Amino acid sequence: MKRTSKKKKHKPVWERAYKGHVLWLGKHKLGKVTVLIAHNVDPKRKYQWEGGGRAGFTDDLDKAKAAVEFAVTAADKQLDLFK
């Protein structure tokens, strides 16, 4: 019997980028977290995150990464209005 190969489902991977981190799925960028240099204006907002059509600010890197992952999964499950 021949063994059939299963296609592996790729998982998103965080990669360190210039002044932040980027979430990749293969060669497709899903979201990013950047460090705000001028956070002296508002010290509670140190990181800016973007992903899944949403954006926001947070003071912790782990919270920013979790927000990007949640926004990407929520955008992936929501049906497109015009398709």
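Kindly evaluate LYS63 against the criterion of being at pLDDT below 90 and surrounded by 13 or more Cβ atoms within 10 Å (Cβ to Cβ). Please lay out each step first, then the result.
Working: at pLDDT below 90: no; surrounded by 13 or more Cβ atoms within 10 Å (Cβ to Cβ): yes.
Criteria not met by LYS63.
Of all residues in region 1-60 being in contact with a helix residue (DSSP H, G or I) (Cβ under 7 Å, 6 or more places away or on another chain) and of a type in the set (Val, Ile, Thr), which is modelled with the highest pLDDT?
Here the residue is VAL33.
Given the criteria open to solvent by 80 Å² or more (accessible area, probe 1.4 Å), in contact with a Gly (Cβ under 8 Å, 6 or more places away or on another chain) and at pLDDT below 95, does ASP76 qualify?
Spelling it out, ASP76 is indeed open to solvent by 80 Å² or more (accessible area, probe 1.4 Å), in contact with a Gly (Cβ under 8 Å, 6 or more places away or on another chain) and at pLDDT below 95.
The values are calculated or read from the model by the stated rules, or taken from the named source; none is laboratory data. Predicted model, so just to flag it, every value in this text is computed and none were measured. Heads up, the Cβs are rebuilt from the backbone with ideal geometry, glycines too, and the neighbour counts pull from every protein chain shown. Accessible surface is based on the protein model in full, side chains and every heavy atom, while ligands, DNA and RNA are left aside. Shrake-Rupley method; radii C 1.70, N 1.55, O 1.52, S 1.80 Å.
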